[in-house]
1. So how much slack lies between Ala74 and Lys205, counting 0.36 nm per residue of separation and subtracting their Cα-Cα distance, in nm?
2. Taking the chain as the reference, fit the longest principal axis to its C-alpha atoms, fit the long axis of helix 178-193 to the helix C-alpha atoms, and give the angle between the two in degrees, 0 to 90, nearest 10.
3. Would you list, by chain and number, the lysines whose Cα falls below 27 Å from the Cα of Lys45, excluding same-chain residues fewer than 8 positions away?
4. What is the angle, in °, between the Cα long axis of helix 15-29 and the longest principal axis of the Cα atoms in the chain? Nearest 10 is fine, range 0 to 90.
5. Rolling a 1.4 angstrom probe over the protein heavy atoms, how many square angstrom per residue are accessible across the range 113-219?
6. Decide, for the range 15-129, between rounded, prolate and oblate: order the square roots of the alpha carbon gyration tensor eigenvalues as a ≥ b ≥ c, take rounded if a/c falls under 1.5, and otherwise choose prolate if a/b is larger than b/c, else oblate.
7. Starting from the Cα gyration tensor of the range 91-176, take the square roots of the eigenvalues, sort them a ≥ b ≥ c, and report rounded, prolate or oblate (rounded when a/c is under 1.5, otherwise prolate if a/b is larger than b/c, else oblate).
8. Determine which residues of the range 141-165 fall in the zone a paramagnetic label at Ala84 would reach in this model, i.e. backbone nitrogen under 17 Å from the point 7 Å along Cα→Cβ.
Amino acid sequence: MPLPAELSKPVRMTAKETAFNQVQSWIIDGTLRPGEKLNDMEIAKALGVSRTPVRESLQLLETQGFVKMYPGKATQVTEIDPDAINDLLPPLAVLQALSAELAIPHLTDEVISRLTETNERFGEAIRGGDELSAIRIDEEFHQIIVEAADNPYIHSIVGNLQAHVRRQFYHDAIVLREQSYKEHTDIIHAMKDGDAGKVNGIMTKNWLTAIEELRALRG
């Protein structure tokens, strides 16, 4: 089970949170591949924590569908179901659209500035052909909106759905298009104008287009 030797150390996080975030990240980006058996001792050593928080993090990852634990036998990374994206994206699109609506009353110049700057980096990544960076920045853009909505329940549900979508995107090597950058720009303008109906429609389209892209990719 090869793991990276050098890791950045997160600050102000419990050992359990550190283990959960890092192992989830490894599963999402393919460092830990589908079907791979996980060794909690090796993970604990790599992260510089004890085995207990690693085991606790694996239990949480199992409840979220990233690993499967077989008591007394093994813990394995779950396989990727390519068709799961059809179940993941529609509810995520609805929650992201709702977040954009709820964020409108909380908009500040700082939030608008962050969205604009992030979207420009997103556009540069697309035009530069840096697909992985584009995926990460796209998620960063939407996360700013979710945080601005200031609804902890939406934040929690979106976080879980987003993690599974990110794994699907890594697996299928989705290429985000210039159109997505333009839709982000329209989302920012609609939010600034306080047009909840318009921002809902654009945001929903922005997410559901990804299903069409995946279907085209798979032929």
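1. Gain on extension, Ala74 to Lys205, equals 43.0 nm.
2. So the inclination is approximately 60 degrees.
3. The qualifying lysines are Lys9, Lys16, Lys37, Lys68, Lys73.
4. It is inclined by approximately 70 degrees.
5. Using a 1.4 Å probe on heavy atoms only, each residue of the range 113-219 averages 49 Å².
6. prolate
7. Since a/c reaches 1.5 but b/c is at least a/b, the shape of the range 91-176 is classed as oblate.
8. 157-165
The values are calculated or read from the model by the stated rules, or taken from the named source; none is laboratory data. Small disclaimer: the values here were computed from a predicted structure and weren't measured. Methodologically, a virtual Cβ is constructed for each residue, glycine included, from the backbone with ideal geometry; neighbour enumeration extends over all protein chains shown. Keep in mind that these areas ignore ligands, DNA and RNA; they rest on the heavy atoms of the full protein, side chains included. Shrake-Rupley method; radii C 1.70, N 1.55, O 1.52, S 1.80 Å.
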